[in-house]
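Every read-out reported here was derived from the displayed coordinates using simple, explicitly stated rules and does not represent laboratory data. This is a predicted model, so every value here is computed, not measured. Positions of Cβ are generated from backbone atoms using ideal geometry, with glycine treated the same way; all protein chains shown enter the neighbour counts.
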Amino acid sequence: MRRGVSEIISALLMILIAASLGVTIYLFFTIQFSTEVSNLTNLYEYRNDVLATKFKVTWSYYLSTNNTLVIYVYNYGDKVVEIDSVYIDGDRYVFDPPTRVLVDEVEKLTIMVSLDSGFHDIRVVSDIGVGYEFSISI
């Protein structure tokens, strides 16, 4: 009789171990899948924002009398653009808070910077990383 009870208990233990492993594996893959779906959703939304963000510099000039660079940005995209920073010859100038450019509007950016005569590479960058590059001659 003792032998029969230990066989039943060992069978129940094996079933319990197999079920707990099955639940653990199921939970692991469920969490992994939901994380991947969330990451793909975020990537999709980011790419849509990038595609909807379209702007260009329509005009720029430099006033050497007061060391001011003026840049006019036109938003021809489908969403409001927030200009986060401007790079001038690799040096970053941050707008805090970012300058908002409404759809189909032009916004003026003013940067106090001392520039030498010659060509300067300028990159205007939005808050999501979309940029527009141009050069200015002083």
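Note down the magnitude of the dipole of the chain about its Cα centre, charges +1 on Lys and Arg C-beta and -1 on Asp and Glu C-beta and zero elsewhere, to the nearest 20 debye.
740 debye
If you take the charge dipole of the chain about its Cα centre, with +1 on Lys and Arg Cβ and -1 on Asp and Glu Cβ, which of Y76, F28, V125 is farthest toward its positive end?
F28
How big is the Cα convex hull of the stretch 11-138 in projection, averaged over all directions, in nm²?
Approximately 11.1 nm², given one-decimal rounding.
Over the stretch 55-137, what relative contact order in percent results from Cα pairs under 8 Å that are six or more residues apart?
In percent, rounded to a whole number, it is 31.
Considering the options V101, I8, M112, tell which one lies farthest towards the positive end of the dipole of the chain, charges being +1 on Lys and Arg and -1 on Asp and Glu at the Cβ, about the Cα centre.
The Cα lying farthest towards the positive end belongs to I8.
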